[in-house]
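Visitor: Starting off with a structure, shown below.
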Amino acid sequence: MNTTITTIYLARHGQSEWNNQSRVTGQLDPALTDKGRLQSQALADCLRGEALDAIYSSTLARTVETATPTAAATGLPIVRDAALCEIHMGELQGRHRDARDAEAQALWARWQAEPWSFRVPGGERFDEFAQRVGAALHALLQRHAGQRVLVVGHGATNRVLLGTLLAWPRERWFELRPRNKFCYRLQLGEGLPR
């Protein structure tokens, strides 16, 4: 039996300047820290010897910068896809989600309690976001069936990608905590999510 195997390498961008500041990043674009740049190089080192066919990232600089060492090592271009951008967090973007900003802390707590139905003012609901990312995944899997693809995303983006690829019920997706020091390898055969 000849089965086509598609391999997805999934990584989160390297540590950004806001990752350790309890700030909501969303679609704003803080730079990577020195540690984040080291994590980007570590990703390239981890994938050395893997015969990648394509590299995808969101259009935000922190994912592009994270993918750049791997692109340089493989000679592949980075395909920037806006559908892979982090969830838009509206009024929360750039704000501290702790006691330094009580209003933002309350909005953050509400979003954490009701992510599928609550819309932060000016932002996306998680169900809309999941639909956007799911459509991008579907197109990527169609385009690269039987190939090996690196996708560099964001915390929430990768939660949707992993939840979908692992065929978890969406109620469990928030158990997934993609971190920026790991690269996940998923192999998909026939009959798996497309």
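The values are calculated or read from the model by the stated rules, or taken from the named source; none is laboratory data. As the structure is a computational prediction, the values presented were derived from the model and not from experiment. Note that we place each Cβ from the backbone using ideal geometry, even for glycine, and neighbour counts take in every protein chain shown. Surface areas here come from the heavy atoms of the whole protein model, side chains and all, with no ligands, DNA or RNA. Shrake-Rupley method; radii C 1.70, N 1.55, O 1.52, S 1.80 Å.
Visitor: Just to confirm the filter: which trypsin sites (Lys or Arg not before Pro) across the stretch 46-88 are DSSP coil and have at most 11 other Cβ within 10 angstrom of their Cβ?
Guide: Numbers: sites: R48, R62, R80; in loops: R48.
Loop-located and lightly packed - R48.
Visitor: Using the heavy atoms of the protein chains alone and a 1.4 angstrom probe, what is the accessible area of the chain per residue in square angstrom? Could the numbers behind the result be given before it?
Guide: Numbers: 9230 Å² over 194 residues.
That works out to 48 Å² per residue.
Visitor: Sticking with this one: Would you work out if the chain is rounded, prolate or oblate? Take a ≥ b ≥ c from the square roots of the eigenvalues of the alpha-carbon gyration tensor; rounded if a/c is under 1.5, else prolate when a/b is larger than b/c, oblate otherwise.
Guide: Oblate, since a/c reaches 1.5 and b/c is not below a/b.
Visitor: Residue farthest toward the positive end of the dipole of the stretch 56-115, with Cβ of Lys/Arg at +1 and Asp/Glu at -1: which of L60, Q112, I87?
Guide: The listed residue farthest towards the positive side: L60.
Visitor: Another question about this same structure. Tell me which of A136, T4, A102 sits at the most positive position along the dipole axis of the chain, charges placed on C-beta atoms (Lys, Arg +1; Asp, Glu -1).
Guide: Sorting the options by dipole projection puts first T4.
Visitor: Which percent of the accessible heavy-atom area of the chain goes to carbon and sulfur, probe 1.4 angstrom? All intermediate terms of the calculation are to be shown ahead of the outcome.
Guide: Numbers: 4610 of 9230 Å².
Carbon with sulfur: 50 percent of the solvent-accessible area.
Visitor: Determine ³J(HN,Hα), in whole Hz, for all residues of the stretch 23-37 in sequence, where each value follows from phi through the Karplus function 6.51 cos²θ - 1.76 cosθ + 1.60 and θ = phi - 60°; x replaces Gly and Pro.
Guide: Values per residue, Gly and Pro as x: 10, 7, 8, x, 9, 6, 9, x, 6, 6, 7, 4, 4, x, 5 Hz.
Visitor: Amide H neighbours of F182 under 5 Å, at least 5 residues apart or on other chains, H built in the peptide plane: list them.
Guide: R12
Visitor: Accessible area, 1.4 Å probe, largest first: how do C85, C183 sort?
Guide: Numbers: C85 10, C183 45 Å².
These residues rank, largest area first, as C183, C85.
Visitor: If r is the Cβ-Cβ distance from R185 to R119 and R0 is 22 Å, what FRET efficiency results, to the nearest 0.05? Each step should come with its number before you reach the end.
Guide: On the way: r = 34 Å, r/R0 = 1.55.
FRET efficiency, R185 to R119: 0.05.
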